[in-house]
Every structure is written in C-alpha cells, then in structure tokens.
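The structure appears right after this line, and notes come after that.
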Ligand SMILES: *Cc1c(COP(=O)(O)O)cnc(C)c1O
C-alpha cells in the first residue's frame, strides 16, 4: 500500500479518462471525490487500480442516464421500463411540439390568452362519455387534487377497507389521501363491504365517497362490494360527490381479447353514475404519463380552480402526445385496429405471430454458442392492471454453456442497448411480445454480442 504522498494529481488521473462519455465536469467531480475518499481512508491503491475503479464508477453513472432498452420480459406495462411506449405518430406529435413554439395558452382566433389543454380536454370527455374532463401529472395527482377539493370543510372521505391498497414503489393510497388532510372513514372489512356500510358511514362531515379499483390484485371467495351503480345512487340521494379511481384506464373492452379479464372503462363508470372518474394515461390507455379526470362539468370546473391544479398541470409534450392518442381512439372507438397504440398492438399479437417471431430470433442465434429453445409461456399485462389475466404466448429460452442464467442476464443489461429478459428455470427467457416492431434485429445482435463476450469464441 502506498502512502498518502503517492495520491496522484487530479490532472494526471483525468488524462487517463478522456474517453468517458459524460460531461467533463462530472468526471472531474468524480475524480476529486474519489481522491478525497482515498485521502480520508489513508489507503492508496496503485494508479492502475485507481483508474480501473474510476472507470467502473463512470460506467455506472453512464448507465444511470435515462436511455432506451429492449423489453424482452413480455410484461406489457412494465413500471420499471417506463410503462407504455408511445406509438410513432404520438412520438412524432410530441417531437413537433417540443421543437417549436405552440398555441399552448393562446387562443388563435382572438390572439388573446387561451386556456391550456381545452381541445384535448373536450376530446377526452367525448371519449369517456363525460360532460367534461381535465388532466394532471398522473393519477396520484388527480386523487390528491380531488381529495383536497372535496374534503376542505367536510373532512371525511368514505372508503372501503378492501380498497386501501398499495400501488407499488411503496406508495400506499391511504397514506397519500391522508396527506391531503382528509380523514379516511374506513368501512367494511377486507373482503366484504356492503351498501349499508356506505349508508351508515355518511354523516355531516362526509365530503366524498371514493371507490378505488383493485387494479393490481384480486380477492376471491367470501367477498362482496357494491357496484358503482349502487354507490352512485346512494351518493346522489345524500347529495355527495362520488369519485371512482379506476387506475388503469382501459378505453377498450379488454375482455374482447383472449385471456384478458374485463377492466372497467371510464365510460362504464360514468354511465353507472359516478360523478367523477380518474385514471392513468400511461397504463392501459397507452399514452404519456398523465392523470385524467372525467365527469360532471361543474366538478371538473371547480377542480380546475384549485390552486393545486396549477402545481399538477401537464406539460405541453404530454398534451401533444395525449392529443394524438385521444384522436386515434376517437377515430377508432372499438380499438379494432389498435389505433397505432403499441400496448394494444402487443396485446393483440396472436400465438402464431409470436411463434414466428420466436423462430426468427432463434434462427438468428443458430451460429452462436447460445442454446435456444422455443417454449410456451404467458405474458402478464403488468403495471398494476388486469392481475388475473395472462396472455398465452411463447418465449425463446436461452442457455449459454459455462455461464449461469443470472450472469447471462447481467451481460444483456450491459449491452449498448440493454436487453431486459426474464430468468426462469435456470435459463434466460426472451419474450417476443414486448420486443417492439423494428427491434428484432438489434435484439439478435445484442444476444450474439453477449454470447461472444465471454472470450470463449
Ligand atoms: C396506478 C394507480 C394509481 C396511480 O396512478 P399514477 O398514474 O401512477 O399516479 C392510482 N390508483 C390506482 C387504482 C392505480 O392502479
């Protein structure tokens, strides 16, 4: 071990890191911090070891940059992988608004100040069969906005114990609701809540009745919960607002697809009498991150006057993407042609199409040391939606002699365009369903590269 005096100067270290793909100042900061750390530890590595260590750290930083990946997990709405990818038309719409000035808050007819999002709001309302609609950053923000508004003076929100759910990433809906200052009036039990429970809970402090869709789990057996229609009738009778948080926001009838259960649509909830519904833009809808609120015009107008609405409002890029997607749905309400929405297109891929894709991938690996086998598999929808459903599918099962499945999966994530695969049965599985159109060749190239990088070739 060298002494402190042998700590190299920053410049000298930097000269060995000129090829780092990050802004120079970041590299400098990293080097300074590392040298400082060594100074404190009092243990100085050799110069070469130091450079190796720093290169590793730079690589880690580089890999933390947001970048595209290939999703070969078969999980359609993968929360860790950015949920719904946009279709090419929507991406083009985003890019056009991103690179130009726009009429975001200008009324072109009068030349006066206009209101952000009016067009997409009316298009969304039409799509949901609602009087009005608006949008905020995400569905969580929609809930916070609604709770803040409706529990200002009457603090209580009635919610079933069977709907106090956690939506992933450690986020619990009840905690989020309470953060607004609302008081949760929990009713029923985990498995059973009756209309009488709702009725008995209403009092002069009730501000809102909330129903939360159990998007990411299901319970079966001795269960009961009143449907939207009955809760809506009660809410009307007691003159209370009723909000249904649908979470996933399927605009099409998912049960028309083999293997999928029916996800309640905003239109269904509104028809059944919910005053307001909220749902995500980037789950089953297949759009950018957004929280859409639809329902009675009077309530929507009031929500838009909340000071928090300004804090939660959507960016112009989101508006541009959502506008394009909303128009696609309106042009094709049944979603019969999938409307150029990748999530729907991938959902609709037939087993034959998937098998053909798997065979092409497998054939592309024929000359590599990878051993490929096509197996039947299932793909979940993911993203906390349709928890009971699985799409029948197939996968390319890969084994690389002398390399564990975990190690192979790690290598795939190390690629210039990282590939995310599943590891099951001691093998890596490539699920073709979520490999987007046009990515197949890149996927094969990546797999070949990962197979050859062990030096065995
Ligand atoms: C996903 C989900 C949310 C949160 O939606 P974000 O758009 O991620 O904020 C809220 N409620 C339910 C029922 C959900 O499934």
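The values are calculated or read from the model by the stated rules, or taken from the named source; none is laboratory data. Treat the numbers as computed from the prediction; the structure is a model and nothing was measured. A quick note on method: Cβ atoms are made from the backbone with ideal geometry, for glycine too, and the neighbour counts reach across all protein chains shown.
Restricting attention to segment 98-113, does a residue exist that is in a loop (DSSP other than H, G, I, E, B) and either within 16 Å of the ligand (Cβ to nearest atom) or buried (at least 22 other Cβ atoms within 10 Å of the Cβ) (or both)?
The initial filter retains those residues of segment 98-113 that are in a loop (DSSP other than H, G, I, E, B), namely 99-105, 108-111.
Imposing the further condition that a residue be either within 16 Å of the ligand (Cβ to nearest atom) or buried (at least 22 other Cβ atoms within 10 Å of the Cβ) (or both) reduces the set to none.
Within segment 98-113 (the criterion being in a loop (DSSP other than H, G, I, E, B) and either within 16 Å of the ligand (Cβ to nearest atom) or buried (at least 22 other Cβ atoms within 10 Å of the Cβ) (or both)), the answer is no, since none of the residues qualifies.
Of the conditions (1) outside any helix (DSSP H, G or I); (2) free of Cβ contacts under 8 Å to residues at least 40 places away in the same chain; (3) farther than 23 Å from residue 162 by Cα, residue 226 satisfies every one except a single condition; which number is it?
Every listed condition holds for residue 226 apart from (3).
Which one of 81, 147 is farther than 18 Å from residue 301 by Cα, in contact with a strand residue (DSSP E or B) (Cβ under 7 Å, 6 or more places away or on another chain) and in contact (Cβ under 8 Å) with a residue 40 or more places away in the chain? First the steps, then the outcome.
Working: 147 fails: farther than 18 Å from residue 301 by Cα.
Testing whether each residue is farther than 18 Å from residue 301 by Cα, in contact with a strand residue (DSSP E or B) (Cβ under 7 Å, 6 or more places away or on another chain) and in contact (Cβ under 8 Å) with a residue 40 or more places away in the chain leaves just 81.
Return yes when residue 168 is within 16 Å of the ligand (Cβ to nearest atom) and either more than 22 Å from residue 295 (Cα to Cα) or modelled with pLDDT under 95 (or both) and no when it is not.
Yes.
Just to verify a result, which residue in segment 270-286, among those that are assigned to a loop (DSSP other than H, G, I, E, B) and away from the ligand (no atom under 11 Å from the Cβ), is farthest from residue 240 (Cα to Cα)?
So the residue we want is 286.
Which one is nearest to the ligand (Cβ to nearest atom) among residues in segment 301-317 that are touching a helix residue (DSSP H, G or I) at 6+ places or on another chain (Cβ under 8 Å), under 12 Å from residue 136 (Cα atoms) and part of a helix (DSSP H, G or I)?
312
Can you go through 204, 199 and tell me which one is assigned to a loop (DSSP other than H, G, I, E, B), out of contact with any strand residue (DSSP E or B) (no Cβ under 9 Å at 6 or more places or on another chain) and in contact (Cβ under 8 Å) with a residue 12 or more places away in the chain? Before the answer, list the steps.
Details: 199 fails: assigned to a loop (DSSP other than H, G, I, E, B).
Result: 204 is the single residue among 204, 199 that is assigned to a loop (DSSP other than H, G, I, E, B), out of contact with any strand residue (DSSP E or B) (no Cβ under 9 Å at 6 or more places or on another chain) and in contact (Cβ under 8 Å) with a residue 12 or more places away in the chain.
If residue 144 satisfies all but one of (1) surrounded by fewer than 14 Cβ atoms within 10 Å (Cβ to Cβ); (2) within 15 Å of the ligand (Cβ to nearest atom); (3) within 22 Å of residue 270 (Cβ to Cβ), what's the number of the condition it fails?
(1)
Within segment 258-267, is even one residue away from the ligand (no atom under 16 Å from the Cβ), under 18 Å from the mean Cα position of the chain (by Cα), closer than 30 Å to residue 346 by Cα and assigned to a helix (DSSP H, G or I)?
No: zero hits.
This table checks each residue for (1) modelled with pLDDT of 90 or more; (2) within 16 Å of the ligand (Cβ to nearest atom); (3) within 20 Å of residue 295 (Cα to Cα); (4) part of a strand (DSSP E or B).
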{"position": "215", "(1), (2), (3), (4)": "no, yes, no, no"}
{"position": "222", "(1), (2), (3), (4)": "no, no, no, no"}
{"position": "233", "(1), (2), (3), (4)": "yes, no, yes, no"}
{"position": "236", "(1), (2), (3), (4)": "yes, no, yes, no"}
{"position": "239", "(1), (2), (3), (4)": "yes, no, yes, no"}
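Identify, from the list 158, 187, 77, the residue that is more than 16 Å from the ligand (Cβ to nearest atom) and buried (at least 22 other Cβ atoms within 10 Å of the Cβ). If you could, list the steps in order and put the result at the bottom.
Details: 187 fails: buried (at least 22 other Cβ atoms within 10 Å of the Cβ); 77 fails: more than 16 Å from the ligand (Cβ to nearest atom).
The match here is 158.
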